[in-house]
Amino acid sequence: MRPKNRQRLADRVTRAAEASLAAQGYVAPLDVLLGVGWLDAGAVKRWRLGQINYLERAVQANLSRISEAMKLFRSWAATKGLLASETAYVARAPGRPTLRFSKSGHPTIERLYRTHWVSPALSERKRERLKEKASRAPDLVMIQPLNTEWTCHRCGGTGDLLIMEPPGPACLRCVGLDDLEFLPAGDALLTRRAKAKSARFAVVVRYSRSRDRYERRGLLVERQALVHAHAEVEDRQGATASGECRLRRDDLA
Ligand SMILES: [Zn+2]
């Protein structure tokens with residue numbers, strides 16, 4: 001690459017990285033690729049859904065230019081004294097496969113792509129929270145179809161709920177979630193508890209024609225998780241009620 005071109009690329013990379021750092025307190029290689037305009041958010045979304053087998057395929061630049069940009073990004077991060085934080089990238093797909101970034105799939109390159117650079121100005125607790133949040137596997141989404149005449153691309157069957165996979169819709173049984181129980185939306189505390197206790201869960205959505213968007217209908221969770229969550233919420237409500245009584249007596253005294 002000619003020095004002038006490299007300088008121009010360095011400027012673009014720096015601008016993109018500075019903007020992400022200011023906005024979120026850290027910068028991921030993904031943010032830089034988006035920031036320089038080589039990737040669009042739609043492609044990232046499809047990649048996260050497991051519909052693009054590796055990210056570099058969707059990047060609008062050749063491999064040597066991508067590699068040059070990533071090198072410039074890392075030297076910028078080093079100059080700024082940012083802290084490296086390796087982050088998990090998991091697909092929003094059954095089985096939760098690890099997302100692949102590079103064409104080669106080489107472990108070193110994959111690790112570099114997964115490494116976020118975090119501002120040292122953030123407290124350690126804040127940095128940990130950021131890492132935990134960035135690494136969290138995205139929720140699986142099951143769709144309650146408006147058109148009930150659909151066919152599972154795996155078994156040819158159908159059902160009340162489907163999950164979109166790259167080749168087409170799949171049924172609950174084929175993705176191994178048919179033993180889960182449906183918990184309708186509405187009780188935020190119960191939902192939170194049940195989700196936390198369930199090793200497997202999926203969010204259920206339905207398209208609203210009048211609002212032109214998907215709306216959350218509830219959660220699929222493991223039966224045991226639901227039973228325990230119910231018990232906990234009832235205990236808590238009992239405890240809160242007696243706490244309120246005590247408070248009132250104190251007020252009178
Ligand atoms: Zn099926």
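Tabulated results
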| quantity | calculated |
| --- | --- |
| Pairwise centroid distance, computed over Cα atoms, of the stretch 48-94 with the stretch 1-47, Å | 10 |
| Cβ-based exposure ranking for Leu55, Leu72, in which fewest neighbours within 10 Å come first | Leu72, Leu55 |
| Dipole magnitude of the stretch 1-157, debye to nearest 20 (Cβ charges: Lys/Arg +1, Asp/Glu -1, about Cα centre) | 380 |
| Sequence-distant residues sharing a close amide H with Ala185 (under 5 Å, placed H) | Gly218, Leu219 |
| The stretch 2-76, Cα convex hull volume normalised per residue, Å³ | 85 |
| Helix 223-252 vs. the chain, principal-axis angle (Cα, 0 to 90°, nearest 10) | 70 |
| Under Karplus coefficients 6.51, -1.76 and 1.60, residue-wise ³J(HN,Hα) of the stretch 41-57 in Hz, glycine/proline x | 4, x, 5, 4, 4, 5, 5, 5, 7, x, 8, 10, 6, 8, 5, 3, 4 |
| With Cα atoms, 0 to 90° folded angle of helix 63-80 axis to the chain main axis | 80 |
| Potential extension, Glu128-Arg216 segment - 0.36 nm per residue separation minus Cα distance | 28.8 nm |
| Summed residue charge, Cβ within 12 Å of Val13's Cβ, Lys/Arg positive, Asp/Glu negative | +3 |
| Long-range amide H partners of Tyr89 with built H, under 5 Å | Leu99 |
| Rg/Rg_globular for the stretch 140-252, with Rg_globular taken as 2.2 N^0.38 Å and Rg from C-alpha atoms | 1.42 |
| Percentage relative contact order, the chain, counting C-alpha pairs under 8 Å, at least six apart | 14 |
| Residue order, fewest to most surrounding Cβ atoms within 10 angstrom, among Arg48, Arg193, Arg15, Arg2 | Arg2, Arg15, Arg48, Arg193 |
| The chain: most fluctuating residue of Val227, Val27, Val141 per GNM, C-alpha cutoff 10 Å | Val227 |
| Tilt relative to the chain, helix 124-135 - C-alpha long axis, 0 to 90 degrees, to 10 | 90 |
| Helix-only CD estimate at 222 nm, as mean residue ellipticity for the chain, using -39500 (n - 2.57) per DSSP H run (n ≥ 4) | -14500 deg cm²/dmol |
| For peptides 164-171, 150-157, sequence by mean Cβ density within 10 Å, most packed first | 164-171, 150-157 |
| Descending semi-axes in whole angstrom, ellipsoid equivalent of the chain, from the Cα gyration tensor | 40, 29, 15 |
| Positive minus negative residues near Arg96 (Lys, Arg vs Asp, Glu; Cβ under 12 Å) | +3 |
| Taking Ser210, Ser75, Ser135 and counting other C-beta atoms within 10 Å, the order from fewest to most | Ser210, Ser75, Ser135 |
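Every number here is computed from the coordinates shown, using simple stated rules; none is lab data. Bear in mind the structure is a predicted one, so any value in this text is a computation, not a measurement. Methodologically, a virtual Cβ is constructed for each residue, glycine included, from the backbone with ideal geometry; neighbour enumeration extends over all protein chains shown.
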